Structures are given as structure tokens and as C-alpha cells.
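Below is one structure, written out as C-alpha cells; comments come after it.
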Amino acid sequence: MGVIGRLERIGAVTSTYFVVWILLGSALALYSPSTFTPLGDYISVFLGVIMLGMGLTLTPADFRRIIERPRDVFIGAAAQWVFMPVFAYLLVALLGLPRDIGVGLILLGAAPGGTASNVMTYLGRGDVALSVTITSVTTLAAPLVMPAWIVLLAGEEITVTFGAMAEEIVLIVLIPVVAGLLLRVILDRYAPAVANAGLSIFPAVSVLTIVLIVAAIVGLNVEEILTASATVFLAVIVHNALGLGAGYGAGYLTGMSTDRTRACAFEVGLQNSGLAVALAVSFFDPIAALIPALFSVWHNISGPALATAFARRTDQAVADADSASTAD
């Protein structure tokens, strides 16, 4: 097995046991929070690394797909931009969440799709190209969309300005993604072997970085997590479930194919919780990062579970088709 093969194997194994690493990192942070709290100062840097890696997975062809399939991209992005912030706002009101914790849920709802959505779409036999394109669109629009929703929904209760948050998102998300895309173009042209090696190891790097972000936030909020009410956990679970269901429903009702409907479900339901955490720590009380931190753990449980169910359904359909063909 060559170097590329070994890197791909490492990346595959790391991604397969994503949930295990998340739970292990969270457990270690709960057991020894002081070990991980210093990492809190580097959350934005870690997120930048993930966004740079995401940029490396993109090519100009991914953006050409926006022109080729604007309808499905628009539906997925619009569902992401509208459903999740509105669901977050309604849950804050219905569950009576405290102001700072509620801001964290709204931040999460306004966040773009995360890289986990692309991975889960792949595992769930969905349309990965559509998933990547929607993630790209919502991520690139985040500097405008996120501050707008925060100002609109939180309004006078916060002192964060649109411009300040937009600037932070540009630094954390937009610049790294564009840098990764440009680096990919250069490597594909002049050093394709290096590009392949980078793409092979990126899943492992991404998983490790996400685990560090989750562990840091758990360490910073260990007391709040241990004493969090059932209402907070309910908000996280219901918000995620509503997003997955609304995304799937939007795809189904607009006549998308099954694989695209699945991609839409993951795009809407799996948020970039790392970005929400980074903004919560930068602009609000640290407790605002509680719900995004819990979501980081939860959606890496619900996502793989749904992806597994989708994959089994597909595999069963293929098996049934093969049996019918054999019978004929």
C-alpha cells in the first residue's frame, strides 16, 4: 500500500469512528476540563483550519454546478437560511430559555451548513455534489446572513453590530475557504500528487480539529453542561430534528430525487456549530456557547444514525431489485 493509500485508510478509519472520537473528547474534557480550557483561545484558528480544508475539497467545477442546478441549490440554501433561524427563535420563546443561552441557539440556527453535512450525505447515499455546493453557498453568504438574523431576532437585547460580526466571519470562514480553493487549483496544476495526499488526510485532520473544538467548549462550560436543564438538551435535540425533517420535506415537496432530498436534509439539519461557538465566545457571554457545544456532540450522533438508515434503505432497495431481476 502506497503513501496515498495509507493516508486514505487513516482518513476513512477516523471518519468512520467520528462519533467515538467526539464522545471520547467530550468525556475527557468533562473529567479534566483544565486540560482543554486553554484550547478555547484557539477555537477560531481551529475553525479556520477546517474551513481551509473544506476549500481544498472544492474546485471551480463545484461552483459551476450552481449555474447548472440553480433550483435545487436555491431550495436547499433558502431552507437553511429560513427554517433553522426561525425554529431557533420559536424554541427560545416556547421553552423560555434564558437570554444568553437563547442567543446561542439563534447563533446556531443562523449558521451555515457544516462540513459534517457533506460527510453524512456521502454516507447516506445522497447527492454529495449538491451538498458541497449548498454548503459553499451558505458558507460564503454567512458574513451577511448570520449578522442579519442576529440583529433581527435578538434585536435590542444585544450590542453586537452587523459589521463586527461580518468581519469576524470573513476572517474565520471566507478567507480560509477561498485560500483553500486557490491552493487546490495551484496544486492540481503543478503538484497533483500533493493535492491527492492532502485530500486523503483531510478527513482525519478535520475530525481531530472538530474534536479539539468540542473538547475545548466542553471544558470551558463543564459546570453549565453538568447542571444544564433538560430544557436545554431538549432544545438541541428538537432543533436538530426539525432541521433534518424540514430539509427532507423541502426536497420531497419540491420534487427532488431521493439522493438530493437526503442531501437537503443534512444541509438544513447539520449546522456549522464550530462557527457558532467561535462567535459566541467572541461576542457574547461564554454561556452562549453552551447550546452550540452540545449540538456539536449531538448532531454527530443523529447525523450518522440517519445516514445509516438512508444507506440501509438504499442497499435494501438494490437487493430487492436484484432479487426481482433474478426471479424474472
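Worth pointing out:
- All conditions in (1) modelled with pLDDT under 80; (2) aliphatic (A, V, I, L, M); (3) touching a helix residue (DSSP H, G or I) at 6+ places or on another chain (Cβ under 7 Å) hold for residue 216, with the sole exception of (1).
- For residue 184, the requirement of being under 22 Å from residue 116 (Cα atoms) and among the basic types (Lys, Arg) is met.
- Residue list for segment 88-111, restricted to those being crowded, with 24+ Cβ neighbours inside 10 Å and either without any contact (Cβ under 8 Å) to a residue 12 or more places away in the chain or assigned to a loop (DSSP other than H, G, I, E, B) (or both): 111
- For segment 216-253, taking the residues that are surrounded by 21 or more Cβ atoms within 10 Å (Cβ to Cβ) and of a type outside the set (A, V, I, L, M, F, W, C), the one that is nearest to residue 280 (Cα to Cα) is identified as 221.
- Those residues of segment 112-145 which are touching a Pro at 6+ places or on another chain (Cβ under 8 Å) and open to solvent by less than 10 Å² (accessible area, probe 1.4 Å), in sequence order: 120, 135, 138, 139, 142
- Qualifying residue in segment 198-210 (condition: open to solvent by less than 50 Å² (accessible area, probe 1.4 Å), of a type outside the set (S, T, N, Q) and under 28 Å from residue 288 (Cα atoms)): yes
- Where a residue in segment 280-306 is crowded, with 20+ Cβ neighbours inside 10 Å and its partner, wherever it lies, is among the acidic types (Asp, Glu), with Cβ under 8 Å and at least six apart: 284/100; 288/100; 290/224
- Selection within segment 17-64 - part of a helix (DSSP H, G or I), at pLDDT below 75 and open to solvent by 50 Å² or more (accessible area, probe 1.4 Å): 63, 64
- Contact annotation: residue pairs with Cβ atoms under 8 Å, 6 or more positions apart or on different chains, pairing a residue in segment 115-138 that is in a loop (DSSP other than H, G, I, E, B) with a partner that is among the charged types (D, E, K, R) and open to solvent by 30 Å² or more (accessible area, probe 1.4 Å), are 125/259; 126/259; 126/260; 127/259; 127/260.
The values are calculated or read from the model by the stated rules, or taken from the named source; none is laboratory data. Just so you know, these numbers come straight off a predicted model, no measurement behind them. No Cβ is skipped: glycine too gets one built from the backbone with ideal geometry, and neighbour counts run over all protein chains shown. Heavy atoms of the whole protein, side chains included, go into the accessibility calculation; ligands, DNA and RNA do not. Shrake-Rupley method; radii C 1.70, N 1.55, O 1.52, S 1.80 Å.
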